[in-house]
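One structure below.
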Amino acid sequence: MAGWIDRLSGRQPQSKDQAKERLKLVLINDRTDLTTSQLEQMKNELLVVIARYVDIDPDTVRIMMETDGREQRLTAEIPLKPIRHRR
Amino acid sequence: MAARIITVTSGKGGVGKTTTTANLAVALAMANQKVVCLDADIGLRNLDVVLGLENRIVYDVVDVVEGRCRVRQAMIRDKRLPELYLIPAAQTRDKSAVSPSDMIRLCEELSSEVDFILIDSPAGIERGFKNALAAADTVLVVTNPEVSAVRDADRIIGLVEAEEKGPAKLILNRMNFGMVKRGDMLAPEDILDLLAIELIGIVPEDEHVLISTNRGMPVALDPTSRAGIAFHNISRRLQGETVPFMDMDEKSSFFSKLGKLFGPGGN
């Protein structure tokens, strides 16, 4: 009740939305046995390996943990830079 | 005919496993099913007090397993209902007194005598949980609309799958629809979205649960209370009926469920 003015002004999200967001991340960690920082580290290492073979812009790469029912899926979207033909 | 063997579990303690087991047993027995409930929480028995049968215990499940009595002798009959029995847990032993294969043997022996065997699992994911799961053909996971309970439910659902006892079905206990409406409680849709399993019941928060437990009269014995109706609905779903879930509007839900319970085709 106390937070309704905050909510109307958009300052604080509903507590159930915060609960759901937090749970989403916790469940990913629990199901994969990976902590958030391990996940970050894995992404960074993947980027390094990929960059060794193809030309990429790290800012455009999206590596995500997706949830499909009770399964977790690691997906990656990696735009490749066009090959510049050297003379 | 072989009995349905249903295990009620949760991971987290205090979410209402024992209350759920007791009330489903009562609701099934009120629907003329022959039911035995088995307390698998050895060392911390409570199904006896929730059912109001604590003064009638002579033998317990460990006595049966260790051969000090026959199964029949450990089955306490609830005199309020035609065919409801309790096999209590031992209070002064620990979980290692019973093994998963003991549970399977015991349930096999009971299976020809009753329609339903309801097993109340202890909290946690160790031996007691494994015991409770061993004989199950259906697993019901009880959770509350709060982060810790939902997280533990997810872990338990995964373990039930790993033991090839899944997919488990979910009971949402202690839903407060007023708080859901204000956005201060995870809604059933949110929890189902996170856990991705089938829902079998929503039990509203209802002070009648505590009051009836104080008296040793499970709330399902009073089929006019909201929680009582919810447990009867779950019991009907377990028997294969399609029963709509309680909606957010407390009053209309209350009266429509009441109407269904006593109306034609109800119960």
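The values are calculated or read from the model by the stated rules, or taken from the named source; none is laboratory data. From a predicted model like this one, the values you see are computed outputs, not experimental measurements. Here Cβ is always computed from backbone atoms with ideal geometry, including for glycine, and neighbour counts include all displayed protein chains.
Residues that are touching a residue at least 60 places away in the same chain (Cβ under 8 Å) and buried (at least 24 other Cβ atoms within 10 Å of the Cβ) occur at least once in the range B:51-59. Elements of the type helices (runs of 4 or more DSSP H) sitting completely within chain A and holding at least 1 residues that are modelled with pLDDT of 90 or more and surrounded by 10 or more Cβ atoms within 10 Å (Cβ to Cβ): these cover A:15-32, A:36-53. Checked against the criterion of being free of Cβ contacts under 8 Å to residues at least 60 places away in the same chain and basic (K, R), the candidates B:R45, B:R4 yield just one match: B:R45. I'd like the residue in the range B:137-156 that is surrounded by fewer than 24 Cβ atoms within 10 Å (Cβ to Cβ) and away from chain A (no Cβ under 14 Å) and, out of all such residues, is farthest from A:R70 (Cα to Cα). By that ranking, first place goes to B:D137. The residues listed here are B:I119, B:I125, B:I202; of these, the one that is touching a Phe, Trp or Tyr at 6+ places or on another chain (Cβ under 6 Å) and more than 11 Å from chain A (Cβ to nearest Cβ) is B:I202. Condition (residue is outside any strand (DSSP E or B), within 11 Å of another protein chain (Cβ to nearest Cβ) and either over 30 Å from B:Y85 (Cα atoms) or small (G, A, S) (or both)) applied to the range B:163-177: is it met by at least one residue? Checked against the condition, which is being outside any strand (DSSP E or B), within 11 Å of another protein chain (Cβ to nearest Cβ) and either over 30 Å from B:Y85 (Cα atoms) or small (G, A, S) (or both), the range B:163-177 yields at least one hit.
Please verify whether B:R215 is surrounded by fewer than 16 Cβ atoms within 10 Å (Cβ to Cβ) and either over 18 Å from the mean Cα position of the chain (by Cα) or not charged (D, E, K, R) (or both), treating the condition exactly as stated. For B:R215, the condition - surrounded by fewer than 16 Cβ atoms within 10 Å (Cβ to Cβ) and either over 18 Å from the mean Cα position of the chain (by Cα) or not charged (D, E, K, R) (or both) - is met. Assess whether B:G43 counts as being touching an Asp or Glu at 6+ places or on another chain (Cβ under 9 Å) and modelled with pLDDT under 95. Against the criterion (touching an Asp or Glu at 6+ places or on another chain (Cβ under 9 Å) and modelled with pLDDT under 95), B:G43 qualifies. Going by what's in this entry, would A:T32 be described as under 13 Å from the mean Cα position of the chain (by Cα) and within 14 Å of chain B (Cβ to nearest Cβ)? Taking the combined requirement at face value, the residue does not satisfy it.
None of B:V36, B:V62, B:V49, B:V98 is over 24 Å from B:V142 (Cα atoms) and hydrophobic (A, V, I, L, M, F, W, C) except B:V62. Within the range B:49-61, the presence of at least one residue that is assigned to a helix (DSSP H, G or I) and more than 20 Å from the chain's Cα centre (by Cα) is confirmed. Restricted to the range B:178-194, and to residues there that are within 8 Å of chain A (Cβ to nearest Cβ) and in contact with a Leu (Cβ under 9 Å, 6 or more places away or on another chain), the residue that is farthest from B:G228 (Cα to Cα) is B:L194.
Table: residues versus (1) out of contact with any helix residue (DSSP H, G or I) (no Cβ under 8 Å at 6 or more places or on another chain); (2) among the β-branched types (V, I, T); (3) in a loop (DSSP other than H, G, I, E, B).
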site	(1), (2), (3)
B:C69	no, no, yes
B:E109	no, no, no
B:I119	no, yes, no
B:G124	yes, no, yes
B:L133	no, no, no
B:S148	yes, no, no
B:D154	no, no, no
B:G158	no, no, no
